[in-house]
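Take a look at the structure set out below.
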Amino acid sequence: MASKIIFPITRVHEPLKVEVEIKGNQVVDARVGGILFRGFELMLIGRDPRDTALFTQRICGICSGAHAIAATMAQQQAFAVQPTRNGQHLQNLIFASDIIQNHLRHFYGLALLDYVRGPNMPPFTPRPNGDYRLPQKVNNELVAHLQEGLVKAAEAHELMAIFGAKAPHQQTILPTGVTERADVPSLMAFRSLLVRIREWVERYMVEDVLTIAHYYPDYYEIGAGYGNFISYGMFVNPTTGKREFQDGVIIGRGPLQPLDTTGITETVHYSWYEDDEPHRPPSEGITVPNVDKADAYTWIKAPRYKGLPVEGGPLARAWISGGYRRGVSVMDRLIARVQETEKICRLAEKWLEEIVAYGPSYEPFTVPAFGEGVGLTDAMRGPLGHWLKIKDGKISHYQIVTPTTWNFSPRDEQGKRGPVEEALIGTPVADQENLIEVGRVIRSFDPCFTCAVHTIDAPAAKPVVL
């Protein structure tokens, strides 16, 4: 049996360390570690509650809009306010733009190079050795689309800035809406850019992922994991109050179950934190670092749903909505993310039709001296939750559980692996010094470790090309 440490893993958002045990050219065990300590919960204590939507966005520049949405949802509950109709639509448009740019960036900037050979020059080299299967003509076409796809991701950031003022880290979202007006020039600019992005996604991105699936059909079986899925839902409809993507839970590829938020807990048995409570709800969560903790191997806590590890993200949302249920593999994750990109583009076009030009986009509000709120939304990679408590007009408690924390969680006190750790089991390995197969599994989850964990303590290790 061979033990391999992969650090750092390239083409993921921030540092991630993976240890795999390989026997008979197959992964038989895995440990996934986030080696950054985030600490944003500690930084927020004592601050004005209105700071949260701006402050927590700085956790990550890739999915900043999601933190703004979750934070304002927590504020809405704590302040007892709601956004105006136009304000909700504009929040959805800002958030949708951020998700579109993320999905484009993930597929073309991070995942695609697991399957195609770029030019023999940086940043495409050095590359791991592996089974690159595309015919040269097809490979060259996808490389051209890769370059165009990254331009479209940048255009989606422009889209976000029309009503968000800037991207990343938009500046306009409030608990009662958005400070930008829905004037006719802005609506026309948004529509023009959105249609151009959506047409490109439909013409190229959808076909590109199916091309990869055609040449790599074995990845419909690799990286399957538990088949446990969770979603908080996302994009609130201002008329019905329902979410355009529904919430729910699926266990073991079984039937859809209603989401029970009381079943959400975190454990830190193998994480560098102190806590004598084995399963603590986020509303009572604590963040006490202990880098010298025995047996711990990650700064990521281990969220569980009724004691079970569950996966979030586009594939989870597709299973829960019933829109895509072919499988739970690497390729299924890639396809679900691309299909979701197209779906969100079309939803955004619908919301534009429902906005009343120059209508009120927000209302004034006041901060109570005391209050509690929970902001639950799905984000790019899965369920995102912000838990807020206010005392004497200041934040007295804040906890954040991010999608990558769910997906890349470590083992719990019962030894159950996190979703990615489990998905790695059984992954075939052709060359133990070039673990390209392991990288394909990991990047299918679109990991973002700035969201999961922040400070670095990296032990020296022989690098493995990935």
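The values are calculated or read from the model by the stated rules, or taken from the named source; none is laboratory data. On a predicted model such as this, the values are computed, not experimentally measured, just so you know. Please note: Cβ atoms are built from the backbone with ideal geometry, for glycine as well, and neighbour counts cover all protein chains shown. For accessibility, only protein heavy atoms count, side chains too; no ligands or nucleic acids. Shrake-Rupley method; radii C 1.70, N 1.55, O 1.52, S 1.80 Å.
The table below lists the values:
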| read-out | value |
| --- | --- |
| Alpha-carbon Debye profile of the stretch 234-393, log10 I(q)/I(0) at 0.12, 0.16, 0.20 Å⁻¹ | -0.74, -1.11, -1.30 |
| Size of electric dipole in the stretch 185-309: Cβ of Lys, Arg +1 and of Asp, Glu -1, about Cα centre, debye, nearest 20 | 600 debye |
| Net length gained if the chain between residue 291 and residue 195 were fully extended (0.36 nm per residue, minus Cα distance) | 29.7 nm |
| Surface accessible to a 1.4 Å probe, residue 19 within the full protein complex, Å² | 60 Å² |
| Average accessible surface area per residue within the chain, 1.4 Å rolling probe, Å² | 37 Å² |
| Structure-based [θ]222 nm, the chain - -39500 (n - 2.57) summed over DSSP H runs of at least 4, per residue, nearest 500 | -10500 deg cm²/dmol |
| Label-point gap, in nm, between residue 43 and residue 396 - each point 7 angstrom along Cα→Cβ | 2.4 nm |
| Rh (Kirkwood; distinct C-alpha pairs) - the stretch 2-452, Å | 22.2 Å |
| Gain on full stretching of the segment that runs from residue 256 to residue 350 - 0.36 nm per residue minus C-alpha separation | 31.1 nm |
| Average Cα contact separation per residue, the stretch 100-212, under 8 Å, 6 or more apart, as relative contact order % | 25 percent |
| Given charges at beta-carbon only (K, R positive; D, E negative), |dipole| of the chain in Debye | 480 debye |
| Difference of contour (0.36 nm per residue) and Cα-Cα distance, residue 277 to residue 306 | 8.9 nm |
| Relative contact order [Cα under 8 Å, 6+ residues apart], the stretch 2-452, whole percent | 26 percent |
| Most to least accessible of 17, 416, 391, 242 (protein chains only, probe 1.4 Å) | 242, 391, 416, 17 |
| Mean Cβ count within 10 Å, highest first, over the residues of peptides 417-430, 364-377 | 417-430, 364-377 |
| Under 12 Å, Cβ to Cβ, from residue 284 - net charge with Lys/Arg +1 and Asp/Glu -1 | -2 |
| Surface share of carbon and sulfur [accessible, 1.4 angstrom probe, percent] for the chain | 52 percent |
| Nearest-0.05 FRET efficiency for residue 206 and residue 358, computed from C-beta distance (R0 30 Å) | 0.25 |
| Spatial separation of Cα centroids for the stretch 52-97 and the stretch 344-360, in angstrom | 17 Å |
| ³J(HN,Hα), Karplus 6.51/-1.76/1.60, whole Hz, each residue of the stretch 88-94, x for Gly, Pro | 5, 4, 5, 4, 4, 5, 4 |
| Highest average packing first - 115-121, 315-321, Cβ atoms within 10 Å | 315-321, 115-121 |
| Per-residue SASA entry for residue 275, accessible area with 1.4 Å probe, Å² rounded to 10 | 40 Å² |
| Extreme residue, positive dipole direction of the chain, given options 214, 62, 390 (C-beta unit charges) | 214 |
| Accessible area of residue 23 in the full protein assembly, 1.4 Å probe (Å², nearest 10) | 130 Å² |
| Computed Rg/Rh of the stretch 334-383, alpha carbon atoms with Kirkwood Rh | 1.13 |
